[in-house]
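**Q** Have a look at the structure that comes next, please.
The values are calculated or read from the model by the stated rules, or taken from the named source; none is laboratory data. These numbers come from a predicted model, not from an experiment. Every residue, glycine as well, gets a Cβ built from its backbone with ideal geometry; the counts of neighbours run over all protein chains shown. To get the accessible areas, we keep the full protein, side chains included, count just its heavy atoms, and leave off ligands, DNA and RNA. Shrake-Rupley method; radii C 1.70, N 1.55, O 1.52, S 1.80 Å.
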There are 2 protein chains.
Amino acid sequence: MLKGHQSWVFENKPVILGTATVVGPFEGRGPLAKDFSIIHGDSMLEEKSWEKAEKVLIEEAAKLAIENAGLTKEQVQFYIGGDLMNQIISSSFAARTLSIPFLGVFGACSTSMESLALAAMIVNSKSAHYALAGTCSHNASVEKQFRYPTEYGSQKPPTAQYTVTGAGAAIVSDKGEGPVVTSATIGRVIDMGITDPFNMGAAMAPAAVDTMEAHFRDLNIQPGHYDLIVTGDLSKVGYEIACELLKKHKIPMQQTEYKDCGMMIYDYDTQMVQSGASGCGCSAVVTYGHLINRMRKGEIKRMLVVATGALLSPLSFQQGETIPCIAHAVSIEAGRDM
Amino acid sequence: MLKGHQSWVFENKPVILGTATVVGPFEGRGPLAKDFSIIHGDSMLEEKSWEKAEKVLIEEAAKLAIENAGLTKEQVQFYIGGDLMNQIISSSFAARTLSIPFLGVFGACSTSMESLALAAMIVNSKSAHYALAGTCSHNASVEKQFRYPTEYGSQKPPTAQYTVTGAGAAIVSDKGEGPVVTSATIGRVIDMGITDPFNMGAAMAPAAVDTMEAHFRDLNIQPGHYDLIVTGDLSKVGYEIACELLKKHKIPMQQTEYKDCGMMIYDYDTQMVQSGASGCGCSAVVTYGHLINRMRKGEIKRMLVVATGALLSPLSFQQGETIPCIAHAVSIEAGRDM
């Protein structure tokens, strides 16, 4: 039900019954490798194009999440998903394979939490027994579409981010055991006038802070309510800006641990990722892999995931538009059995 | 709440409190002209690009729908919208202007009913008092992105469809007077192997029929339950295929009137539109303009709108993929006061 202006509280506590994460070889060399379900040795996944490979990532993650939940795809009522590709083709084509009624969504890299928020809302309101939420990105397909082909070897400034090759999926259920989704805050579009697509972190930070503020206000809580707060993929540059903004807005973040998914998945010392990671797959694989695993182990009791998205297109950038950004927050808590 | 496998029944009867439609000059010369809120004389809308013009269409429709509902934008909790542009920039940029918490969705031309279904389900489950659903398309921006620039003057086969320049928006509310949204059926992705982007109607017809069948099965009703059933934008070619498939599947469509939005908005005798109309704006402006007006006048008591979408991208087509399609159905009934 609605709480405050833009948040939902899920009083029926929808359960994350199963999750799965599928990544590429580069992510498999990072510090979170042990948390991923499948690590591919070849980023082409034996497909003929990067785009086809990206589709396979989400297909595999979706199928494995369904299996991990102990379900068959026929038992799942709705698949809520999207990605960064034009016309979200990775998700639409995966929906064709899965044959589950499909709600396509788009929030750029915030799609991970947009889809989880909607899945939880649909299950909470008894509009589904089981809903699948998932998203994906592929470094090469995204770089090609938004920037330059990787073969071109263009130099990147230190503010640039490296798109994650990976897919994460979760089954949200009205029964069973597992972490529960307790609330969600849907973000407004915030645009601070930044035009540099090689500095997404700076563009997205104000949106993350706006959604966090709205979340604390709507739910009448403070950051200390959570053991951990993570933003989606602000990476180093955006994370620092977010920290400054949070201080300026007098949000007592010192009460809790605050991290960013974009700074967790790669090893800055050995992997050349400039400011850090980005892409729909970033917050999805960190949350559904590493963070949910930590929750299952009892290391985290309550967390807030604030996935951030830059809603530009190459065309809007070429037409001189600034970069509108958004962030959606979802809170996840250890279930009764955990 | 969930009904059957893939449908929702809205027991709290969310009300369509206000609607608005904004179209271009070509649509203003068609047979539904008197049903549109604003008809622009220039398809550029005094903007510098077609894409910027498309954004203005949905901004105007959204603002007018809010005004027609007797609200201010601050009272609206969520804006659910999407469009055909890469990364749904028209909707994202409109969400920036409106500053309403935004859920971006994508279902190609089925976006009109995907957004209405979600808005109704959010309001029905007490997750919002007021939600805005809307979508748009612009003939020139869509042609340029998916096919060829209009200036190129490429010939089109008789199966091609003409993208509507228009935007439609609706405010869904938990109180007030107006037509009510009673149910929705979320479609599966159906792909019959068609590869020709100049024959979308044929590709989409099986998806429309699959969703209609699911709707009747889930709700345990027959077509005669409705005074009118309309598909989104199958146009002449797709409509004929849908009629054949419905007959083959023994769905007694003779019980009701069955029309297609793609065949209603233009005059085949005087407007060169080949098979008919298409685009996100097509079913949106026909439904929120003409059909809702007929309902307000008492001419229709119950209708089912089955919006259809072709989920291809130029890149998926270039890579030899077939065209996956989807359809979402929403039923609308005259409210108690009507």
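**Q** Identify the single condition in (1) within 27 Å of residue B:58 (Cα to Cα); (2) without any contact (Cβ under 8 Å) to a residue 40 or more places away in the chain that residue B:173 does not satisfy, given that it satisfies every other one.
**A** With (1) within 27 Å of residue B:58 (Cα to Cα); (2) without any contact (Cβ under 8 Å) to a residue 40 or more places away in the chain applied to residue B:173, the lone miss is (2).
**Q** Looking at the range A:261-280, I want the residues that are over 16 Å from residue A:240 (Cα atoms) and have a partner that is polar (S, T, N, Q) and assigned to a helix (DSSP H, G or I) with Cβ atoms under 7 Å, at least 6 apart or on another chain. Which pairs are those?
**A** A:280/A:111; A:280/A:112
**Q** Out of everything in the range A:78-98 that is open to solvent by 10 Å² or more (accessible area, probe 1.4 Å) and out of contact with any strand residue (DSSP E or B) (no Cβ under 9 Å at 6 or more places or on another chain), what residue ends up being nearest to the other protein chains (Cβ to nearest Cβ)?
**A** A:86
**Q** So residue B:111 clears everything in (1) touching a residue at least 60 places away in the same chain (Cβ under 8 Å); (2) within 9 Å of chain A (Cβ to nearest Cβ); (3) in contact with a helix residue (DSSP H, G or I) (Cβ under 7 Å, 6 or more places away or on another chain); (4) surrounded by fewer than 21 Cβ atoms within 10 Å (Cβ to Cβ) except one condition, right? Which one?
**A** (4)
Residue by residue, here is whether (1) closer than 30 Å to residue B:141 by Cβ; (2) of a type in the set (A, V, I, L, M); (3) in contact (Cβ under 8 Å) with a residue 24 or more places away in the chain; (4) not assigned by the TED database to the domain that holds residue B:133 holds:
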| site | (1), (2), (3), (4) |
| --- | --- |
| B:6 | no, no, yes, no |
| B:16 | yes, yes, yes, no |
| B:20 | yes, yes, yes, no |
| B:26 | yes, no, yes, no |
| B:32 | yes, yes, yes, no |
| B:41 | yes, no, no, no |
| B:45 | yes, yes, no, no |
| B:50 | yes, no, yes, no |
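**Q** Oh, and also: Return yes or no: is residue B:180 within 26 Å of residue B:60 (Cα to Cα) and either open to solvent by 40 Å² or more (accessible area, probe 1.4 Å) or aliphatic (A, V, I, L, M) (or both)? Write out each step before concluding.
**A** Numbers: within 26 Å of residue B:60 (Cα to Cα): yes; either open to solvent by 40 Å² or more (accessible area, probe 1.4 Å) or aliphatic (A, V, I, L, M) (or both): yes.
Answer is yes for this residue.
**Q** Here is a list of conditions, (1) hydroxyl-bearing (Ser, Thr, Tyr); (2) out of contact with any strand residue (DSSP E or B) (no Cβ under 8 Å at 6 or more places or on another chain); (3) farther than 23 Å from residue A:176 by Cβ; (4) facing chain B (nearest Cβ under 7 Å), and residue A:125 meets all of them except one; can you say which number that is?
**A** Answer for residue A:125: the failing condition is (3).
Matching residues to (1) charged (D, E, K, R); (2) modelled with pLDDT of 95 or more:
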| position | (1), (2) |
| --- | --- |
| A:263 | no, yes |
| A:282 | no, yes |
| A:299 | yes, yes |
| A:307 | no, yes |
| A:315 | no, no |
| A:318 | no, no |
| A:321 | yes, no |
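**Q** Further, regarding this structure: I'd like to verify a number: residues in the range A:193-204 that are hydrophobic (A, V, I, L, M, F, W, C) and in contact (Cβ under 8 Å) with a residue 60 or more places away in the chain, how many?
**A** Result for the range A:193-204: 4.
**Q** Identify all residues within the range A:38-77 that are in a helix (DSSP H, G or I) and open to solvent by 60 Å² or more (accessible area, probe 1.4 Å); write none if there are none.
**A** A:63, A:67, A:68, A:73, A:74, A:75
**Q** Out of curiosity, is residue A:218 farther than 15 Å from residue A:109 by Cα, open to solvent by less than 30 Å² (accessible area, probe 1.4 Å), in contact with a Lys or Arg (Cβ under 9 Å, 6 or more places away or on another chain) and among the charged types (D, E, K, R)?
**A** It is true that residue A:218 is farther than 15 Å from residue A:109 by Cα, open to solvent by less than 30 Å² (accessible area, probe 1.4 Å), in contact with a Lys or Arg (Cβ under 9 Å, 6 or more places away or on another chain) and among the charged types (D, E, K, R).
**Q** Something else about it: Kindly establish whether residue A:137 is in contact (Cβ under 8 Å) with a residue 60 or more places away in the chain and not aliphatic (A, V, I, L, M). Don't jump to the end; show me each part of the working.
**A** Numbers: in contact (Cβ under 8 Å) with a residue 60 or more places away in the chain: yes; not aliphatic (A, V, I, L, M): yes.
Judged against the criteria, residue A:137 is a match.
**Q** Of (1) under 24 Å from residue A:69 (Cα atoms); (2) of a type outside the set (A, V, I, L, M); (3) crowded, with 23+ Cβ neighbours inside 10 Å; (4) more than 14 Å from chain B (Cβ to nearest Cβ), residue A:261 satisfies all except one. Which?
**A** Tallying (1) under 24 Å from residue A:69 (Cα atoms); (2) of a type outside the set (A, V, I, L, M); (3) crowded, with 23+ Cβ neighbours inside 10 Å; (4) more than 14 Å from chain B (Cβ to nearest Cβ), residue A:261 fails exactly one: (1).
**Q** Further question on the same structure: Could you look through the range B:138-159, keep only residues that are open to solvent by less than 40 Å² (accessible area, probe 1.4 Å), touching a helix residue (DSSP H, G or I) at 6+ places or on another chain (Cβ under 8 Å) and part of a loop (DSSP other than H, G, I, E, B), and pick out the one that is farthest from residue B:282 (Cα to Cα)?
**A** B:159
**Q** Right, here's the next one. Inside the range A:308-332, can you point out the residues that are open to solvent by 10 Å² or more (accessible area, probe 1.4 Å) and either within 11 Å of residue A:187 (Cβ to Cβ) or free of Cβ contacts under 8 Å to residues at least 24 places away in the same chain (or both)?
**A** Across the range A:308-332, the qualifying residues are A:315, A:318, A:319.
**Q** Hey, among the residues in the range A:27-37 that are assigned to a loop (DSSP other than H, G, I, E, B) and either within 14 Å of another protein chain (Cβ to nearest Cβ) or closer than 13 Å to residue A:264 by Cα (or both), which one's most open to solvent (accessible area, probe 1.4 Å)?
**A** The extreme case among them is A:29.
**Q** Can residue A:101 be described as closer than 26 Å to residue B:280 by Cα and either more than 9 Å from chain B (Cβ to nearest Cβ) or free of Cβ contacts under 8 Å to residues at least 40 places away in the same chain (or both)?
**A** yes
**Q** Residues B:157, B:149: which one is within 14 Å of chain A (Cβ to nearest Cβ) and modelled with pLDDT under 95?
**A** From the options B:157, B:149, the qualifying one is B:149.
**Q** So, in the range B:296-307, of the ones that are touching a strand residue (DSSP E or B) at 6+ places or on another chain (Cβ under 8 Å) and surrounded by fewer than 24 Cβ atoms within 10 Å (Cβ to Cβ), which residue ends up nearest to the other protein chains (Cβ to nearest Cβ)?
**A** Selected residue: B:302.
**Q** What single numbered condition from (1) crowded, with 24+ Cβ neighbours inside 10 Å; (2) more than 17 Å from residue A:66 (Cα to Cα) fails to hold for residue A:128?
**A** (2)
**Q** Check every one of the helices (runs of 4 or more DSSP H) wholly within the range B:219-337 and list those with 1 or more residues that are within 20 Å of residue B:10 (Cα to Cα) and under 19 Å from the mean Cα position of the chain (by Cα).
**A** Filter on the range B:219-337 gives B:292-296.
**Q** I need a count of the residues in the range A:88-133 that are part of a loop (DSSP other than H, G, I, E, B) and under 16 Å from residue B:189 (Cα atoms).
**A** Final tally of qualifying residues: 3.
**Q** Does residue A:237 satisfy being touching a helix residue (DSSP H, G or I) at 6+ places or on another chain (Cβ under 8 Å), aliphatic (A, V, I, L, M), open to solvent by less than 30 Å² (accessible area, probe 1.4 Å) and not assigned by the TED database to the domain that holds residue A:146?
**A** When the stated conditions are applied, residue A:237 does not pass them.
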